[in-house]
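Working notes, structure below.
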Amino acid sequence: MLTKWVMQYKKKSLKERFLLFMGILFFLIYLTLGLMIIFWKKIPLNMDDNYRLMFGGLLIVYAFFRFLRFFNSSESTEES
């Protein structure tokens, strides 16, 4: 499976590789930010604990939504 992914990665153009990198980067940024908001107690946010947990959870859900949407769209472009 990994070799198949590497071969598909090598077939991509420079623009597609850059967009893949940016998609993974922003997934990691949103995921890290959500986890920081949830678990880092001394973060300088003036929020109630419940709102802070909901906001962090929302960022994590959004990160996975972007991740799934990005890879579903990249798979559909490879087929055509």
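Bear in mind these aren't lab numbers, they're just calculated from the coordinates by the rules spelled out. Note that the coordinates shown come from a computational prediction; the quantities given were computed from them, not determined experimentally. In this analysis, Cβ positions are derived from the backbone assuming ideal geometry, glycine residues included, and neighbour counts consider all displayed protein chains.
Read phi for every residue in segment 47-62 and hand back ³J(HN,Hα) as whole Hz from Karplus 6.51 cos²θ - 1.76 cosθ + 1.60, θ = phi - 60°, with x for Gly and Pro.
Values per residue, Gly and Pro as x: 10, 5, 4, 5, 5, 5, 5, 5, 5, x, x, 5, 5, 5, 4, 5 Hz.
Identify all lysines with a Cα-Cα distance to K15 below 27 Å; exclude those on the same chain that are fewer than 8 residues away in sequence.
Hits, sequence-local ones excluded: K4.
Which whole-number percent is the relative contact order of segment 17-66 (Cα, under 8 Å, 6+ apart)?
So the answer I get is 50 percent.
Just to confirm a number: summing +1 for Lys and Arg and -1 for Asp and Glu over residues other than F39 whose beta-carbon lies under 13 angstrom from that of F39, what do you get?
Residues near F39 contribute +2 overall.
Which order do the peptides 19-26, 51-58, 38-45 take when ranked by the mean count of other beta-carbon atoms within 10 Å per residue, highest first?
51-58, 19-26, 38-45
For semi-axes √(5λ) of the Cα gyration tensor in Å, the listed values are (1) 34, 12, 10; (2) 74, 9, 4; (3) 32, 11, 9; which was obtained by calculation from the structure presented?
Step by step, semi-axes √(5λ) of the Cα gyration tensor in Å for this structure corresponds to label (1).
In whole Hz, what ³J(HN,Hα) sequence does segment 25-32 give by Karplus (6.51, -1.76, 1.60; θ = phi - 60°), x for Gly and Pro?
4, 6, 4, 5, 5, 5, 5, 5
Can you compute 3J(HN,Hα) from phi for each residue in segment 14-20, using the Karplus curve 6.51 cos²θ - 1.76 cosθ + 1.60 with θ = phi - 60°, rounded to whole Hz and x for Gly and Pro?
Values, residue by residue: 4, 5, 5, 5, 4, 5, 4 Hz.
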